[in-house]
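Colleague: Structure provided below as structure tokens; questions to follow.
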Amino acid sequence: MARVYDEALAESGMTTAQFSILRTVAPAEPMPLSRIADELVMDRTSLYRAVAPLEAKGWVRIEPGQGKAKRVTLTPAGREAMAAAVPAWEAVQRRITGGMSPDLWGNLGTALRALTEAAQRAGR
């Protein structure tokens, strides 16, 4: 799955994980890195590694937060990059979901949420 989305987003210069980070940050910026990790169900170390190239491309700015926390804000270039990538992401999303019945797609979403919650509980 990731390869299909990554191929669709390649022209935009970002990976699926980077696109997800930008979309997660956009509505609630500045957003603490810890909250992004929680929302994306990512290990914080992996998130920090994924954010570094976004900062290098000038798509996000990392700022100090409270205490040792850091916050992420999208830059105007980051908003443009995300907006430019949306059509490719939506096209591949339509191709994938179009090959499934609405019931199957809905059940898949429900099952993935349950699996994520179970994994989070097991990790505590």
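Colleague: Work out from phi, with θ = phi - 60° and the Karplus expression 6.51 cos²θ - 1.76 cosθ + 1.60, the ³J(HN,Hα) of each residue of segment 45-54, listed in order in whole Hz, and give x for Gly and Pro.
Modeller: Once θ is set to phi - 60°, the couplings for segment 45-54 become 4, 5, 5, 4, 5, 6, 7, 4, x, 5 Hz.
Colleague: Still on this structure, I have one more. With charges only on Cβ, +1 for K and R and -1 for D and E, what is the dipole size of segment 37-77 about its Cα centre, in debye, rounded to 20?
Modeller: That gives a dipole near 160 debye.
Colleague: With θ set to phi - 60°, apply the Karplus curve 6.51 cos²θ - 1.76 cosθ + 1.60 along segment 5-20 and write out the HN-Hα couplings as whole Hz, x wherever there is a Gly or Pro.
Modeller: 5, 4, 5, 5, 8, 4, 4, 7, x, 9, 9, 4, 4, 5, 4, 4
Colleague: Could you give the size of the charge dipole of segment 12-56 about its Cα centre, using +1 on the Cβ of each K and R and -1 on the Cβ of each D and E, expressed in debye and rounded to the nearest 20?
Modeller: 60 debye
Colleague: Once amide H atoms are placed 1.01 Å from N in the peptide plane, what residues at a sequence separation of 5 or more from VAL60, or on another chain, have their amide H within under 5 Å of its amide H?
Modeller: Here GLU55, THR75 satisfy the definition.
Colleague: Moving to a separate point now. Would you compute, from DSSP H runs of 4+ residues alone, the mean residue ellipticity of the chain at 222 nm, taking -39500 (n - 2.57) per run and dividing by the full residue count, rounded to the nearest 500?
Modeller: -22000 deg cm²/dmol
Colleague: What do you get for trypsin sites (Lys or Arg not before Pro) in segment 1-106 restricted to DSSP loop and a cutoff of at most 15 other Cβ within 10 Å of the site's Cβ?
Modeller: The qualifying sites are LYS57, LYS68.
Colleague: Among LEU112, PRO102, THR24, whose Cα projects farthest towards the positive end of the dipole of segment 21-112, with charges put on the beta-carbon of Lys, Arg (+1) and Asp, Glu (-1)?
Modeller: Checking the options against the dipole of segment 21-112, the answer is THR24.
Colleague: Hey, got the dipole for segment 2-123? About the Cα centre, +1 on K and R Cβ, -1 on D and E Cβ, debye to the nearest 20?
Modeller: Approximately 300 debye in magnitude.
Colleague: Right, something else. Evaluate 2.2 N^0.38 Å with N set to the residue count of segment 48-101, then give the Cα radius of gyration divided by it.
Modeller: Working it through for segment 48-101, the quotient is 1.55.
Colleague: On alpha-carbon atoms, Rg over Rh for the chain using Kirkwood Rh?
Modeller: 1.00
Values in this text are rule-based calculations from the coordinates and carry no lab data. Just so we're clear, the structure is a prediction, and the values are computed from it rather than from any experiment. Neighbour counts run over all protein chains shown; Cβ positions are idealised from the backbone, glycine included.
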